[in-house]
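Report on the following structure.
Derivation of every value follows stated rules applied to the coordinates shown; laboratory data play no part. Just so we're clear, the structure is a prediction, and the values are computed from it rather than from any experiment. Glycine also receives a Cβ, built like all others from the backbone with ideal geometry; neighbour counts cover every protein chain displayed.
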Amino acid sequence: MREEDVPQEKSFYQGHRRACYAVGKDEHYVLAKSAGWEVERVATEQALLDLEEQVEEARQLARKGERSPLAYHFATRQMTPKMAAQHMELATWRVKRHLKPGVFARLSADLKARYSAVLDIPASELEQVPETARHVFLSDQVQASDD
Amino acid sequence: MTEFRHLHAAHCESGVTSALLRHQGLELSEPMVFGLGSGLFFFYPPLIKVMGMPLVSFRCYPGFIFKHTCRRLGISFERKTFRSAVRGQEALDQLIAQEIPVGLQTNMFWLSYFPSEFRSQFNGHNLVALAREGDDYLLSDPMLEEPVHLASEALQRARFAKGVLAPRGAIYYPTRVPSDPNLPRAIKLAVKNTARRMMDPVAMVGVCGIRRLSRSVRSWKSKDQRKQKLLLGHIIRMQEEVGSGGAGFRFMYAAFLQEAGELLGFEPWREASERMTEAGDCWRAEFAGACAQIIKNRGDADLDTVADALLRCADLEEKLFRSLLKNAPGKTVHSLATEPATASR
């Protein structure tokens, strides 16, 4: 990549510029700054939209009472039950069981406190799920500028 | 103790290593550190999944660059991990109280100074802890233009996150830097090591790994379109997003070869640097470009186009690394034809 070809395109960098290496005028490598690259933005956007979809799916299931609120909180923390189990120091099957609303309702206060610590959620919000859909990872400002 | 100078770099670990060594009086550029630590790699193992996506890595595992740069230059260093988060915090606090800047391995999701678009459960992010100010830490993150503050609770979460490559609170710092390290010797060792690892006949690493990825891409035809697009996007993200300096570290390595060639006055490395740039351009323009076309339903690229682009990248890199193995400084220059197809150990 030549220095003059370093892409300065739309991105999620929010005004920041990223350091990258490119060949300068005298054939020497220089540290150039890139405002963003369309190809990278396409990939990032797709991945973020997929994550948002997972969050929304978990939110709806939790609202309908088919999954426990934990499923929603895991999605917003990009955690799989296995990863959450490692943080909780529990077996994965137990964490998966806690995704059932009935089981979650009977959870001991101690386990609930540990979940709220691991997920960085105030204890009062652990059992709640937002009523309306909202983006967790994509900021609205970025979406508005999208094509 | 001199004041720590923040370094804005392309990659976190080479940036951290370069900044820590500079603080001890050894000035090495980021590409030089990256090359000395044999940072360049390709790894595509079967079965290992991160958040449902296959692991594809363009570099070695976290901690590798620091360790190998130090070893090859004869720098003594300390690296510790902790079972107890409390002990880990105490150890860090003691060190920075003595004004020793400390490298940390962290999970990116809990580093709240990043925009939410970049926060993911990735356990291999490196940064430098400089000081503790009340309940905040002053951190120098090479991804950012300035040092930042972070609440101690968030840093604890980031250091003791679990999952793949769990950092276990890893801290590292150089303890003794020799006044005149043998840089040419270290460079020769490092280049040889990188080339050998890239030419390793094991199917999941190096050039063979790229070819295996190409075969996998072709096999994704049986998956539904949505999954195909997510998988292709995932590889682009691994290549460009994780602070690679462009084209999955290929441009940074080309910069290293150029610098090393000039330092040693070894002409063939200048050509090698140009070839590495060529390979990087292939990764970006041909491979990532075709992936983006598929994701956006533009143009006529399909999975075969992508797989063929990967094979071209693999061919370019194979030629390059074979010539690096053959033509080392201080060795008679051989013709390329005598080497068997796979690299010998």
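How high is the relative contact order of chain B, in percent, with contacts defined as C-alpha pairs under 8 Å that are six or more residues apart? Numbers along the way, then the final one.
Values: 622 pairs, mean separation 65.7, N = 345.
That works out to 19 percent.
Ranked highest first by the average count of other Cβ atoms within 10 Å around their residues, in what order do A:105-115, A:57-67, B:289-299 fall?
Top of the packing list down: B:289-299, A:57-67, A:105-115.
Per residue of B:71-80, what is the mean number of Cβ atoms on other protein chains within 10 angstrom of that residue's Cβ?
Details: counts 0, 0, 0, 0, 0, 0, 0, 0, 0, 0.
Partner-chain Cβ atoms within 10 Å, mean over residues of B:71-80: 0.
Can you give the FRET efficiency for B:L165 and A:E89, using 1/(1 + (r/R0)^6), R0 = 25 Å, r = Cβ-Cβ distance, to the nearest 0.05? Mind dumping the intermediate values first?
Values: r = 19 Å, r/R0 = 0.74.
It comes out at approximately 0.85.
What is the distance in Å between the Cα centres of segment B:44-65 and segment A:11-62?
Spelled out, the Cα-based centre of one part sits 19 Å from the other.
Which of B:K221/B:K296; A:K10/A:K33; A:K33/B:K296; A:K10/B:K296 have a Cα-Cα distance over 19 Å? Can you show the working numbers first?
Details: B:K221/B:K296 17 Å; A:K10/A:K33 14 Å; A:K33/B:K296 26 Å; A:K10/B:K296 15 Å.
Exceeds cut-off: A:K33/B:K296.
Looking only at other chains, what is the average number of their beta-carbon atoms within 10 angstrom of each beta-carbon in B:233-241? Numbers along the way, then the final one.
Values: counts 9, 4, 1, 8, 5, 1, 3, 9, 6.
Mean number of neighbouring Cβ atoms from other chains: 5.
Any idea what log10 I(q)/I(0) is at q = 0.09 Å⁻¹ for the protein assembly as shown, Debye with uniform C-alpha scatterers and no solvent?
Each listed q maps to, in turn, -0.65.
Hey, what D do you get for segment A:29-138 in µm²/s if you plug the Kirkwood alpha-carbon radius into Stokes-Einstein at 10 °C and 1.306 mPa s?
On the way: Rh = 15.4 Å.
Answer, rounded: 103 µm²/s.
What does the convex hull of the Cα atoms of segment A:58-97 come to per residue, in Å³, rounded to a whole number? Let's see the in-between values first.
On the way: hull volume 2.1 nm³, N = 40.
Hull volume normalised by residue count: 52 Å³.
Based solely on its DSSP helices, what 222 nm [θ] is calculated for chain B when runs of n ≥ 4 H residues each add -39,500 (n - 2.57) and the sum is averaged over all residues, nearest 500 deg cm²/dmol? Walk me through the intermediate numbers first.
On the way: 12 runs with 152 residues, N = 345.
For chain B, the value works out to -14000 deg cm²/dmol.
Return the calculated 222 nm mean residue ellipticity for chain A, to the nearest 500 deg cm²/dmol, obtained by summing -39500 (n - 2.57) across DSSP H runs with n ≥ 4 and dividing by the residue count. Kindly include the intermediate steps, with their values, before the conclusion.
On the way: 7 runs with 69 residues, N = 147.
So the calculated ellipticity at 222 nm is -13500 deg cm²/dmol.
Let me know the Kirkwood hydrodynamic radius for segment B:36-123, please, with Cα pairs as the basis and the value in Å to one decimal.
Details: mean 1/r = 0.0633 Å⁻¹.
By the Kirkwood definition, the hydrodynamic radius is 15.8 Å.
Considering Cα pairs under 8 angstrom that are at least six residues apart, work out the relative contact order of segment B:12-176 and quote it in whole percent.
So the answer I get is 25 percent.
Of B:G280, B:G330, B:H149, which is farthest along the charge dipole of the protein assembly as shown in the positive direction, counting Lys and Arg as +1 and Asp and Glu as -1 at C-beta?
Going by the Cα projections, it comes out as B:G330.
For B:A203, what charge total do you get from the other residues with a beta carbon under 13 Å from its beta carbon, if Lys and Arg give +1 and Asp and Glu give -1?
Cβ neighbours under 13 Å give a net charge of +2.
What average count of beta carbons from other chains do you get within 10 Å of the Cβ of residues in A:33-45?
On the way: counts 2, 4, 0, 0, 6, 3, 15, 9, 2, 12, 16, 7, 4.
Other-chain Cβ atoms within 10 Å of each residue's Cβ, averaged: 6.
Pairs to check: A:K25/B:K326; A:K112/B:K162; B:K67/B:K188; B:K67/B:K192; A:K112/B:K49. Give those whose C-alpha atoms are more than 26 Å from each other in this structure.
Working: A:K25/B:K326 30 Å; A:K112/B:K162 19 Å; B:K67/B:K188 17 Å; B:K67/B:K192 17 Å; A:K112/B:K49 28 Å.
Beyond 26 Å: A:K25/B:K326; A:K112/B:K49.
Might you report the magnitude of the Cβ-based charge dipole of segment B:120-195 about its Cα centre, with Lys and Arg at +1 and Asp and Glu at -1, to the nearest 20 debye?
Details: 9 positive and 8 negative charges, 144 e Å.
Using Cβ point charges on Lys, Arg, Asp and Glu, segment B:120-195 gives about 700 debye.
Enumerate the residues in segment B:146-185 having an amide nitrogen under 20 Å from the point lying 7 Å beyond the Cα of B:E3 toward its Cβ.
Within reach of a label on B:E3: B:146-150.
So what's the convex hull volume per residue for the Cα atoms of segment B:12-176, in Å³?
Details: hull volume 19.3 nm³, N = 165.
Cα convex hull per residue, to the nearest whole number: 117 Å³.
Expressed as a whole number of Å, what is the distance separating the alpha-carbon centroids of segment B:1-24 and segment B:272-306?
33
Cα atoms only: what Rg and Dmax, in Å, come out for segment B:139-266?
19.8, 59
For segment B:183-334, calculate the relative contact order in percent as a whole number, restricting contacts to Cα pairs under 8 Å that are 6 or more residues apart. Don't skip to the end; give the middle numbers.
Details: 170 pairs, mean separation 46.9, N = 152.
Once divided by the residue count of segment B:183-334, the mean separation gives 31 percent.
What's the Cα-based Rg to Rh of chain B, Rh via Kirkwood? Write out the running numbers ahead of the final one.
On the way: Rg = 20.6 Å, Rh = 21.0 Å.
Across chain B, the Cα-based Rg/Rh ratio is 0.98.
Can you pull the semi-axes for segment B:183-334, root of five times each eigenvalue of the Cα gyration tensor, sorted largest first, whole Å? Intermediate values should be presented prior to the final figure.
Values: eigenvalues 209, 45, 29 Å².
So the three semi-axes of segment B:183-334 are 32, 15, 12 Å.
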